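A short worksheet on the structure shown next.
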Amino acid sequence: MTKFSDLNLNPKVLRAVEEAGYETPTPIQSGAIPPALEGRDVLGIAQTGTGKTASFTLPLITMLARGRARARMPRSLVLCPTRELAAQVAENFDTYAKHVKLTKALLIGGVSFKEQDTLIDKGVDVLIATPGRLLDHFERGKLILSDVKVMVVDEADRMLDMGFIPDIEKIFGLTPFTRQTLFFSATMAPEIERITNTFLSNPVRVEVARQSSASETIEQGVVVFKASRKDRETSEKRQVLRAMIEAEGEKCTNAIIFCNRKMDVDMVAKSLKQYGYDAAPIHGDLDQSQRTRTLDGFRNGDLRFLVASDVAARGLDVPSVSHVFNFDVPSHAEDYVHRIGRTGRAGRDGKAMMICVAKDEKNLDAIEKLLQKPIPRLESPLKAPPAGDEVDAAMETDAVPKPRRARTRTRNKPEAVPEAVKETIAAAAPEPVKPEPVNAEQSAPVAPQVQSEAPKDMPKETPRDHTPRDRNDRNERNSGGYQRGRGSDNNSKVVGMGDHMPSFIALSFEERRAG
């Protein structure tokens, strides 16, 4: 059996490994460390939880034990897809390099640029970073990558899945062509292998497990669940989740609960808290300090349930996770392998359970096709059909935004007149003039006599210069002598001309009637 002492590692590195409690390397470590020490490119493919981080950390420390870093010019570069994974690599480096005088810097988001610039200015042997923050420092002129001798890409497939292809290509272009490149990943799709052929030069391919396979120490199961109503599906899924946790009892010492959406992560964590479970969320929208505190609490045993998005599915090493619950079926089949790989690590037993609704059956089929075997179906732990849950119903109400009330436009709406004002107006109004009795023989009211021609010295009338004759006509119209509107009979004088009609208009109407 191969031991770490047979891998030509630095004696100080071997001492740190022994103090950490390791004697026998894993298959990926025994296969990747020797060619890496020889200076060859390595393409490592292994399922999660098999020790890939030590596969590049141990040879990296051994190769960098000699030499000295210069300011702003790191000697090695390790790229990680997430902040948590980068922080974990930094912890492994501290563990295995404690007897070697090497310096490191961790460049991740959520941390002050000033502190990171101070470390870079002093010179570092190992630079551990996420692609985005690394390029930020480079574009600000704080970093020079022309002295990188070894470049490591951890979780390479996740890098490409997260859209880091342009950043990775740019970073490779900034490093020397003579660098040594180490690629490590849990899955290796054909298109990813094609890209590695561009970046790696005659690599040694180390594949210790079938691609996209789950550890045999993990017991898997899925609950196919159908909600009573479509609008209650999420709340009833939370009831099923709590029933699954209760059914496991004391066997479930701690667990990671994975959700597809960040909103569901917060909602599930809040629901578990309200029902007395010790749970906390972790996803990409939280502050880095809060994510670090939550993850540290889960590792230390202070937190029992970690509700996470896929930000925690890749590479996080928490050795004693007893259960993994998939609240949602992952959209990508490869993510299922990474999720359940958080349990059953380092040869331990683990259990992975999943809830599947009708809309996720296609994703479930894709996972089983990837694993090349069916996932055992489990009976729902709920003894009776899920009933209405007051707490979950309230959470659903809070999660759904309330509809905005429609605004009523009152710009042209007449204001209501108070009754007191109406009475005052009625009291001040003049009494109506009663119409004079009309002779039965007369078929029409007698028209007022007007002069056919106005005197020459009389000034011209304007619409507002009313003569007594006009005022009499107006009074007669107000008293009901004239009928208004188009429905009046042919005997009415003037139709629809208003109260300020000039005399010449009335004259023209009278001449027409006389004719």
- Query: How do LYS373, LYS237, LYS114, LYS170 rank when sorted from fewest to most other Cβ atoms within 10 Å of their own Cβ?
  - Reply: LYS114, LYS373, LYS170, LYS237
- If the chain between MET73 and THR198 were fully stretched, how many nm would it gain, using 0.36 nm times the residue separation less the Cα-Cα distance? 42.5 nm
- Packing-wise, with mean Cβ within 10 Å as the measure, how do 288-295, 148-155 rank, highest first? 148-155, 288-295
- FRET efficiency estimate (nearest 0.05) - Cβ-Cβ, LYS230 to ARG140, R0 45 angstrom: 0.35
- Item | Given LYS142/LYS170; LYS3/LYS351; LYS104/LYS142; LYS3/LYS98, the pairs whose alpha carbons are separated by over 23 Å | LYS3/LYS351
- What residues from the stretch 67-111 fall in the zone where the backbone N is under 14 Å from a label point 7 Å along the Cα-to-C-beta line of ASP296? 87-88, 91
- Task: In nm, give the distance between the simple-model label positions of PHE113 and MET263, each being 7 Å from the Cα along the Cα-to-Cβ direction.
- Result: 3.4
- Could you work out how far apart the two model spin labels at GLU368 and GLU207 are, taking each label as a point 7 Å from the Cα in the direction of the beta carbon, and quote it in nm? 2.5
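Read the figures in this text as sums done on the coordinates, not as results from a lab. Given the structure is predicted, the values throughout are model-derived calculations rather than measurements. Cβ atoms come from the backbone with ideal geometry, glycine included; neighbour counts cover every protein chain shown.
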